[in-house]
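Comments concern the structure below.
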Amino acid sequence: MSWTYKQHEIGDITQFPENTFGFVYMTTHKPTGKSYIGKKVLFHNQKKKLGKKELAALTGVVGRRPSYKLVVKESDWMTYYGSQTDIKKLLVEGKKDEFERTILKCVQTKKQLTYFEIKYQMLYQVLEKPDEFFNDNILGKFFTKDLADIAFEDLVVERK
């Protein structure tokens, strides 16, 4: 199952816009209509311990010799559906075909990724609509349970 971005299927990392660091996505469970909004990076750094030959090849190093190197690896973005517990349970039950995965926004930096994840979570009001979204928190700071006694329909913001 591939991702959809602007009505196009993305099945390969080369299909992303140039300089894409990561993306904000929406995973929707089609039978229930519930969605999850999250973020995913395309690459991550991995520390790899240097072998004996690599350590021996380090000559002329001033100061402490490194014991590892950083290796850039492609993330598991292609097989990723979300980190939420209910989604993981459905996937363990073998229900991958019940999900639709949509990329909402591709971004170029880590900071943009966090910003746009929060922006889309707020725009879609994920905490205010627990019947429509799997998300139960934003940034680990704002939780659905903290908003349980607030009547959101009473909140009206007028712009002038």
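Bear in mind these aren't lab numbers, they're just calculated from the coordinates by the rules spelled out. Quick caveat: nothing in here was measured; it's all calculated off a predicted structure. Here Cβ is always computed from backbone atoms with ideal geometry, including for glycine, and neighbour counts include all displayed protein chains.
Brief remarks follow.
- If both residues of a DSSP beta bridge must be in the chain, then about 95% of such bridges are antiparallel.
- Each residue of region 46-54 was assigned a 3J(HN,Hα) from its phi angle through the Karplus expression (A = 6.51, B = -1.76, C = 1.60, θ = phi - 60°), giving 10, 7, 10, 5, 6, x, 4, 5, 5 Hz with x at Gly and Pro.
- Choice from Pro31, Pro130, Pro66 showing the highest fluctuation, given a GNM over the chain with Cα pairs closer than 10 Å: Pro66
- Among Asp86, Asp76, Asp149, the largest mean-square fluctuation in a Gaussian network model of the chain, built with springs joining Cα atoms closer than 10 Å, belongs to Asp149.
- Put a dot 7 Å past the Cα of Gln46, heading toward its Cβ, do the same for Asp136, and the two dots end up 3.1 nm apart.
- Relative contact order (percent, whole number), region 30-86, Cα cutoff 8 Å, 6+ residue spacing: 47 percent
- Fully extended contour minus Cα-Cα distance, from Lys129 to Thr59, at 0.36 nm per residue: 19.2 nm
- A straight Cα-to-Cα reach below 28 Å connects Lys89 with the lysines Lys30, Lys34, Lys39, Lys40, Lys73, Lys105, Lys119, Lys129, Lys141, Lys145, residues fewer than 8 places away in its own chain not being considered.
- Peptides 20-27, 3-10, 90-97 ranked from most to least packed, by the mean per-residue count of other Cβ atoms within 10 Å: 20-27, 3-10, 90-97.
- C-alpha long axis of helix 110-123 to longest principal axis of the chain, angle in °: 10 degrees
- Placing a label point 7 Å from the Cα of Gln108 along the Cα-to-Cβ direction, the residues of region 4-47 whose backbone N falls under 20 Å of that point are 6, 13-25, 40-44.
- Inter-centroid distance (Cα atoms) of region 96-120 relative to region 74-89, Å: 13 Å
- Other residues within the sphere of radius under 12 Å centred on the Cβ of Gln15, judged by their own Cβ, net out at -2 (K and R +1, D and E -1).
- Secondary-structure-derived ellipticity at 222 nm for the chain, considering helices only, amounts to -5000 deg cm²/dmol, per-run term -39500 (n - 2.57) for DSSP H runs with n ≥ 4.
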